[in-house]
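The values are calculated or read from the model by the stated rules, or taken from the named source; none is laboratory data. Quick caveat, the model's predicted, so the values are computed rather than measured. We place every Cβ from the backbone using ideal geometry, glycine too, and count neighbours over all the protein chains shown.
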């Protein structure tokens with residue numbers, strides 16, 4: 001069904017990329033995207049090739065201390081990796097990531113005190129930056145904290161629908177025990193306010209983005225065939 | 001409570017699931033059920049739990065069958081997916097499929113469990129990046145207890161999940177058996 005999952009593998013996670021690929025293949029994914037902060041330090045990436053029937057894509061997570069550094073790192077990493085993810089913590093970094101068309105996925109912190117802003121949503125729409133919903137807090141938070149997180153994610157989702165943003169849902173797995181099947185993730189996404197079709201489309205989106213990035217674009221709307 | 005009228009009887013579905021636990025840990029059915037109820041109450045409250053009365057039909061430590069209401073399949077999936085630890089051991093529950101009868105669910109999704117239980121032979125791995133003791137091997141999967149405990153920091157797991165391909169040192173014919181290791 002061409003579902004893809006973004007995850008972290010050893011040494012940044014607790015399972016190697018090949019173990020993640022093995023678990024994801026069993027769960028019914030078509031591919032996984034490793035989003036380590038230091039992808040060149042990934043443990044035995046060649047072992048993934050021996051796991052047949054699943055595509056393992058080497059992406060990266062861009063981390064920086066300020067927006068200027070973030071922009072320069074993004075432009076440096078873009079030609080080397082087909083998938084760039086930014087996990088932004090504050091408003092400045094969120095705006096910087098949204099305003100850069102080279103970013104594929106912005107993982108927004110679903111915080112009730114820092115909701116997705118209108119200016120951010122507009123910039124994300126203009127630059128075709130997908131907004132990511134990390135569903136792992138449903139697993140790790142409990143009680144009041146989980147209900148606050150669900151409220152924040154529903155609020156962000158309303159704005160994302162209003163501006164017709166590209167959505168991606170992920171578990172951000174750092175171990176093979178964090179991975180869940182696509183239908184289980186869809187069920188969790190429904191708790192966070194997603195419609196079933198919306199959740200299915202959001203799970204397919206990373207694969208579609210990688211496919212687009214692999215094509216040879218000369219400029220906006222111009223492709224070298 | 002059983003209704004006298006057949007049309008008022010609740011329609012049930014049987015959900016087969018598989019439990020993956022860290023290391024060679026065996027989970028007791030009672031512990032699993034306690035966790036399922038705790039998550040269900042937390043996510044859907046008491047009225048939600050009353051509308052979808054989940055019952056554990058069978059569980060053999062690895063695979064099991066759960067009964068739920070036919071209109072709350074998605075909720076039941078969410079409950080199973082939201083379980084991440086039982087008695088402080090990391091686990092993952094994966095839904096295998098849903099059926100209308102116990103017989104069909106068992107035949108389709110719960111094949112007889114042939115004993116491929118994990119071997120624990122205490123072999124050590126010494127690589128540049130990692131070193132530690134093998135806790136369990138099952139097929140291609142290898143669970144390794146690292147000497148440096150900070151290797152699993154941030155993921156709440158005790159062991160590192162690897163495959164025999166990772167440990168084979170680039171050997172072309174590594175097949176996940178003792179040769180690969």
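Among the candidates A:196, A:182, the residue that is over 18 Å from the mean Cα position of the chain (by Cα) and within 14 Å of another protein chain (Cβ to nearest Cβ) is uniquely A:196. Scanning segment A:4-51 for residues that are under 22 Å from residue B:20 (Cα atoms) and free of Cβ contacts under 8 Å to residues at least 12 places away in the same chain yields a total of 1. The set of residues in segment B:139-148 that are within 11 Å of chain A (Cβ to nearest Cβ) and surrounded by fewer than 22 Cβ atoms within 10 Å (Cβ to Cβ) comprises B:139, B:140, B:141, B:146, B:148.
Could you grab the pairs with beta carbons closer than 6 Å, sequence gap of 6+ or different chains, first residue in segment A:128-142 and within 14 Å of another protein chain (Cβ to nearest Cβ), second one assigned to a helix (DSSP H, G or I) and crowded, with 16+ Cβ neighbours inside 10 Å? Pairs that qualify, where the first residue is within 14 Å of another protein chain (Cβ to nearest Cβ) and the partner is assigned to a helix (DSSP H, G or I) and crowded, with 16+ Cβ neighbours inside 10 Å, are A:135/A:188; A:137/A:149; A:138/A:188; A:141/A:149.
Of the residues making up segment B:74-91, those that are out of contact with any helix residue (DSSP H, G or I) (no Cβ under 7 Å at 6 or more places or on another chain) and at pLDDT below 95 are B:85, B:88, B:89, B:90, B:91. Of the helices (runs of 4 or more DSSP H) lying entirely inside segment A:47-164, the ones with 2 or more residues being modelled with pLDDT under 95, more than 24 Å from residue A:185 (Cα to Cα) and under 18 Å from the mean Cα position of the chain (by Cα) are found at A:67-77, A:91-98, A:118-127. Assess whether residue B:11 counts as being surrounded by fewer than 15 Cβ atoms within 10 Å (Cβ to Cβ) and modelled with pLDDT under 95. Against the criterion (surrounded by fewer than 15 Cβ atoms within 10 Å (Cβ to Cβ) and modelled with pLDDT under 95), residue B:11 qualifies.
Does residue B:107 satisfy being closer than 26 Å to residue A:142 by Cα, at pLDDT 85 or above and more than 10 Å from every other protein chain (Cβ to nearest Cβ)? Steps first, please.
Values: closer than 26 Å to residue A:142 by Cα: no; at pLDDT 85 or above: yes; more than 10 Å from every other protein chain (Cβ to nearest Cβ): yes.
No: the conditions fail for residue B:107.
The set of residues in segment B:33-70 being in a helix (DSSP H, G or I), without any contact (Cβ under 8 Å) to a residue 40 or more places away in the chain and closer than 24 Å to residue B:103 by Cβ consists of B:33 alone.
Residue count for segment B:152-169 satisfying the condition of being facing chain A (nearest Cβ under 7 Å) and either part of a helix (DSSP H, G or I) or touching a helix residue (DSSP H, G or I) at 6+ places or on another chain (Cβ under 9 Å) (or both): 7.
Would you say residue A:57 is in contact with a helix residue (DSSP H, G or I) (Cβ under 7 Å, 6 or more places away or on another chain), more than 8 Å from chain B (Cβ to nearest Cβ) and more than 20 Å from residue B:20 (Cβ to Cβ)?
Values: in contact with a helix residue (DSSP H, G or I) (Cβ under 7 Å, 6 or more places away or on another chain): yes; more than 8 Å from chain B (Cβ to nearest Cβ): yes; more than 20 Å from residue B:20 (Cβ to Cβ): yes.
Answer is yes for this residue.
Looking across segment A:7-28, the residues that are more than 10 Å from chain B (Cβ to nearest Cβ) and crowded, with 24+ Cβ neighbours inside 10 Å come down to A:7, A:24.
Condition (residue is in a helix (DSSP H, G or I), more than 14 Å from residue A:105 (Cα to Cα) and within 14 Å of chain B (Cβ to nearest Cβ)) applied to segment A:200-207: is it met by at least one residue?
Among the residues of segment A:200-207, at least one is in a helix (DSSP H, G or I), more than 14 Å from residue A:105 (Cα to Cα) and within 14 Å of chain B (Cβ to nearest Cβ), which makes the answer yes.
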